[in-house]
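Asks: Before I ask anything, let me first share the structure, which is written out below as structure tokens.
The values are calculated or read from the model by the stated rules, or taken from the named source; none is laboratory data. The structure displayed is predicted, hence computed values, not measured ones. FYI the Cβ positions are ideal-geometry reconstructions off the backbone, even for glycines, and counts take in every protein chain you see.
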Amino acid sequence: MAEAQTALLRLIPLLPLLGSVICMAAAAAGRRAVARTVAPASVFLAFLVSLAAVRQLWGLDANAVLVDRVYTWIQIAPLSIDLAFVVDRLASVMILIVTGVGFLIHVYSVGYMHDDPDEARFFAYLNLFMASMLVLVLGESLPVLFIGWEGVGLCSYLLIGFWYKDLVNADAGQKAFIANRVGDAAFLIGMFLLFWSLGDVGGATLRFSEVNRLAPALAQAAPGVVTAVCLLLLAGATGKSAQIPLYVWLPDAMAGPTPVSALIHAATMVTAGVYMMARLSPLAVAPNQQR
């Protein structure tokens, strides 16, 4: 698979993250108008950068990907993890959906939250969610994806329980947080097991491209391990995507503001588990190919 290096991708999550910081400062200073302007603008700029990245991808070969390696995050042999972002055909669809739909929801939120005294804090959380979701989608490896994975879980807690002075809302936020942590524990165990197992087939790695390349060899050497890894990752996906049995947090999550339901529970976070499994689909089908 050909890789085209670019520094464009880091801007996609960075713009909403900067927007969140500015909105936090605006909330502390009581400058609500600043937040309602900066928050949608930062997401719209991220959408424009996403369009530019997708256009650049379309100009390359069908199997080419865009890669942005920011720096080496962890270097402890045999583990080497770069803070790197990647856009391929799958990620290109997701970043346009997340930023495009996210921008529309931000615009709607300007009117919906206009009379709320904590409007600036709301937009800070909303921008932070966007940054986390984009890190999840763009991450080149499972650990980088997991940063965004935990970020959207934190933001779901903050946004669902936004009106925390109402005990029902506070309890709903806590329920979502705990249910997601159950799935995340399974996700971590699956990730550790995958890394340990890949070392036996000549490639201790957690990069998606390498995991998928080594999946057939791992399935041939240890099909039971592959099945266990996929089941553990699936458990993580059920928590984030509100599937049986970890769906229990979703009905109570409607206690948050309406834009939260539109962004998190209808368009973005509930697709995170499906996206992660799609990213690792060669690993999931590898045992069947050995039969």
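Asks: Regarding Arg36, is this residue out of contact with any Leu (no Cβ under 6 Å at 6 or more places or on another chain) and touching a residue at least 60 places away in the same chain (Cβ under 8 Å)?
Replies: yes
Asks: In this structure, is Val201 within 30 Å of Glu3 (Cβ to Cβ) and buried (at least 21 other Cβ atoms within 10 Å of the Cβ)?
Replies: no
Asks: What are the residue pairs meeting all of these: first residue in the stretch 50-79, first residue under 22 Å from Leu134 (Cα atoms), second residue surrounded by 15 or more Cβ atoms within 10 Å (Cβ to Cβ) and among the hydroxyl-bearing types (Ser, Thr, Tyr), Cβ atoms under 6 Å, and 6 or more apart or on different chains?
Replies: Close Cβ pairs satisfying both conditions: Ser50/Thr99; Val54/Ser92; Leu57/Ser92; Leu66/Thr6; Asp68/Thr6.
Asks: Could I ask something else about it? For the stretch 249-271: of the residues being over 18 Å from the mean Cα position of the chain (by Cα) and surrounded by fewer than 16 Cβ atoms within 10 Å (Cβ to Cβ), which is farthest from Asp171 (Cα to Cα)?
Replies: In this case the residue turns out to be Thr258.
Asks: Is it the case, given these coordinates, that Arg55 is surrounded by fewer than 18 Cβ atoms within 10 Å (Cβ to Cβ), at pLDDT 90 or above, farther than 30 Å from Gly202 by Cα and of a type in the set (Lys, Arg)?
Replies: Spelling it out, Arg55 is indeed surrounded by fewer than 18 Cβ atoms within 10 Å (Cβ to Cβ), at pLDDT 90 or above, farther than 30 Å from Gly202 by Cα and of a type in the set (Lys, Arg).
Asks: Going by the conditions given, is Asp88 of a type outside the set (Gly, Ala, Ser) and closer than 30 Å to Ser197 by Cβ?
Replies: Yes, satisfied.
Asks: Given the criteria closer than 30 Å to Ala77 by Cα and within 17 Å of the chain's Cα centre (by Cα), does Gly183 qualify?
Replies: Working: closer than 30 Å to Ala77 by Cα: yes; within 17 Å of the chain's Cα centre (by Cα): yes.
Yes.
Asks: Name the residues in the stretch 6-25 that are within 13 Å of Leu126 (Cβ to Cβ) and crowded, with 23+ Cβ neighbours inside 10 Å, would you?
Replies: Residues satisfying the conditions are Pro16, Gly19, Ser20, Cys23.
Asks: Just the residues that are of a type in the set (A, V, I, L, M, F, W, C), out of contact with any helix residue (DSSP H, G or I) (no Cβ under 7 Å at 6 or more places or on another chain) and within 27 Å of Tyr71 (Cα to Cα), please, taken from the stretch 4-50.
Replies: Within the stretch 4-50, Ala4, Ala7, Leu14, Val21, Leu48 meet the criteria.
Asks: Within the stretch 118-158, how many residues turn out to be part of a helix (DSSP H, G or I), under 15 Å from the mean Cα position of the chain (by Cα) and small (Gly, Ala, Ser)?
Replies: Of the residues in the stretch 118-158, 6 are part of a helix (DSSP H, G or I), under 15 Å from the mean Cα position of the chain (by Cα) and small (Gly, Ala, Ser).
Asks: Within the stretch 225-242, which residues are modelled with pLDDT of 90 or more and not β-branched (Val, Ile, Thr)?
Replies: Ala228, Cys230, Leu231, Leu232, Leu233, Leu234, Ala235, Gly236, Ala237
Asks: Here's a follow-up. Can you name every residue in the stretch 207-233 that is buried (at least 19 other Cβ atoms within 10 Å of the Cβ) and part of a helix (DSSP H, G or I)?
Replies: Phe208, Val211, Leu214, Ala215, Leu218, Ala219, Val226, Val229, Cys230, Leu232, Leu233
Asks: Mind telling me which of the residues Ala64, Ala91 ends up being buried (at least 22 other Cβ atoms within 10 Å of the Cβ) and under 21 Å from Phe208 (Cβ atoms)?
Replies: Every option except Ala91 fails the conditions.
Asks: Filter the stretch 171-187 for residues that are farther than 16 Å from Met277 by Cβ and among the hydrophobic types (A, V, I, L, M, F, W, C); which is surrounded by the most Cβ atoms within 10 Å (Cβ to Cβ)?
Replies: Ala176
Asks: List the pairs whose first member sits in the stretch 154-173 and is free of Cβ contacts under 8 Å to residues at least 24 places away in the same chain, whose second member is surrounded by fewer than 17 Cβ atoms within 10 Å (Cβ to Cβ) and part of a loop (DSSP other than H, G, I, E, B), and whose Cβ atoms are under 7 Å apart, counting only residues at least 6 apart or on separate chains?
Replies: Taking only residues 6 or more apart or on different chains, the pairs are Ala170/Tyr164.
Asks: Among the candidates Ser209, Ser141, which residue alone is in contact (Cβ under 8 Å) with a residue 12 or more places away in the chain, closer than 21 Å to Ala235 by Cα and among the hydroxyl-bearing types (Ser, Thr, Tyr)?
Replies: Working: Ser209 fails: closer than 21 Å to Ala235 by Cα.
Just a single option satisfies the conditions, and that option is Ser141.
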